[in-house]
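Reviewing the structure listed below.
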Amino acid sequence: MPSLPVLMFFLRKPFRNTLREVRAQAPRFGYRVKIFSYERLGRWPLPAGAAVLTDFERLAPWELEMVSVLRQRIGDTGAPVLNDPARFRPRGALLKLLHKEGVNGFDCALPAQGERPARFPVFLRTMAAHRGVIGDLLHSPEEAEAALQAALAAGYPLSDLAFIEYAPLEQEGGVFRKRAGFGIGGEIVPGPTVSDHHWVAKQGVQGAASAADYAADHAELEDWPHRALVARVMALSGMDYGRVDFALTAEGPAVFELNTNPQIRRGVVHPDENRVATNLWIERRLHETFAAIAHRGAGAARADLRGVIGSGGKLKKAAKLP
């Protein structure tokens, strides 16, 4: 019996758990998932197959250059490789582009470039990784400057700070709802909606959404109304894989970020049957899309990583680096 095609995911070692459940469920959908960390890829050679490069938000520029070499070697086999680190836009650059292109009505200001907010309220946050908001909303230039100085005194680097204009999020049924959509090699798959009583709706609070909310989420899956928005954000970002997080406002959609290594969990435990059905539908579509990419890489040769991986299975610096 032929072995299942492989889809390799590459990420930072501390964040391997984002795909743990995907790896466990993949054989049910006709493919296998192999997870590798940039810190320790292991001994050459890698398995033959398609690849997804992730976690760019957590990589330094010189690490992105190293991953670019890895991408080229895997791509030389003819297998699909999703995400190009050379085209990655950090959070601040992406938000500015989304505002310029009319996707977002809100903008951001980068203190490292001498910028300060033009409109209020705003909030201060770090840009790299996914560490979230520093403090609460700021309503004046004086509050913004005080927050910036406090962040610098606490050790936050100026180069990683941004003021983000607060988008006037609509409260649907009295709660804030953050939506999401996955871009995977040109395909768009709806993501689960997060509901919270606070405007920073990160993980969500069970019970915040109503049964009517969950029923509405499930009803729109087949003809998801946000598909074009997610596709446009993916195109502007230059990425092939990731999850776009956004919300609805009176001014239109507000896109918060593109996460290149999103957490994907099974959502089979929940008191609302529509929520369970929605999560299972999303899980199935994600696996079907991943499986199609894995099958496109079937028959490819193993990547030649000679000169790319050094002692201890670590990526070597790119030759062009000093």
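Below, the figures for the structure above:
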{"item": "Extension gain from Ala118 to Trp62, taking 0.36 nm per residue of separation minus the Cα-Cα distance", "result": "16.9 nm"}
{"item": "Spin-label model distance (nm) - Ser159 vs His197, 7 Å beyond Cα toward Cβ", "result": "4.1 nm"}
{"item": "Share antiparallel - DSSP beta bridges, the chain, percent rounded to 5", "result": "75 percent"}
{"item": "Average accessible area per residue (Å²) across the stretch 100-152 - probe 1.4 Å, nucleic acids and ligands excluded", "result": "49 Å²"}
{"item": "Listed residues Leu46, Asn259, Ile293: farthest to the positive end of the dipole of the chain (Cβ charges)", "result": "Leu46"}
{"item": "Accessible area of the chain belonging to carbon and sulfur atoms, whole % at 1.4 Å probe", "result": "53 percent"}
{"item": "Sorted peptide list for 308-316, 249-257, 292-300, criterion being average Cβ within 10 angstrom, highest first", "result": "292-300, 249-257, 308-316"}
{"item": "Cα centroid separation, the stretch 210-248 to the stretch 250-271 (Å)", "result": "8 Å"}
{"item": "Total charge dipole magnitude, the chain, about the Cα centre, Cβ charges on Lys, Arg, Asp, Glu only, Debye to nearest 20", "result": "1920 debye"}
{"item": "Cα-projected label distance for Ala93 with Ala128, points at 7 Å along beta-carbon direction, nm", "result": "1.4 nm"}
{"item": "The stretch 100-257: equivalent-ellipsoid semi-axes (sqrt of 5 x gyration tensor eigenvalues, Cα, Å)", "result": "29, 19, 14"}
{"item": "Among [x] 169; [y] 138; [z] 149, the entry derived from the coordinates for volume of the Cα convex hull per residue in Å³", "result": "[z]"}
{"item": "Neighbourhood charge, 14 Å Cβ-Cβ cut-off, centred on His99 and excluding it, Lys, Arg +1 and Asp, Glu -1", "result": "0"}
{"item": "Cα convex hull volume per residue for the stretch 229-283 (Å³)", "result": "109 Å³"}
{"item": "Highest average packing first - 103-110, 52-59, Cβ atoms within 10 Å", "result": "52-59, 103-110"}
{"item": "Whole-number percent relative contact order across the chain, with pairs defined as alpha carbons under 8 Å at least 6 apart", "result": "27 percent"}
{"item": "Restraint check, Lys34/Lys96; Lys34/Lys178; Lys96/Lys178, Cα-Cα greater than 23 Å", "result": "Lys34/Lys96; Lys34/Lys178"}
{"item": "Calculated FRET efficiency for the pair Ala215/Lys100, C-beta based, R₀ 41 Å, to 0.05", "result": "0.65"}
{"item": "Set of aspartates and glutamates with alpha-carbon distance to Lys13 below 20 Å, sequence-local pairs under 8 removed", "result": "Glu21, Glu39, Asp55, Glu57, Glu63, Glu65, Asp84"}
{"item": "Cβ-Cβ FRET estimate between Ser140 and Arg232, R0 fixed at 30 Å, reported to 0.05", "result": "0.35"}
{"item": "Residues whose placed amide H lies under 5 Å from that of Ala50, excluding near-sequence neighbours", "result": "Val6, Met8, Gly297"}
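The values are calculated or read from the model by the stated rules, or taken from the named source; none is laboratory data. What you see is a predicted model, and the numbers here were worked out from it, not measured in a lab. Using ideal geometry, Cβ is built from the backbone for each residue, glycine included, and neighbour counts are taken over all protein chains shown. Calculation scope for accessible area: heavy atoms of the full protein, side chains included, ligands and nucleic acids excluded. Shrake-Rupley method; radii C 1.70, N 1.55, O 1.52, S 1.80 Å.
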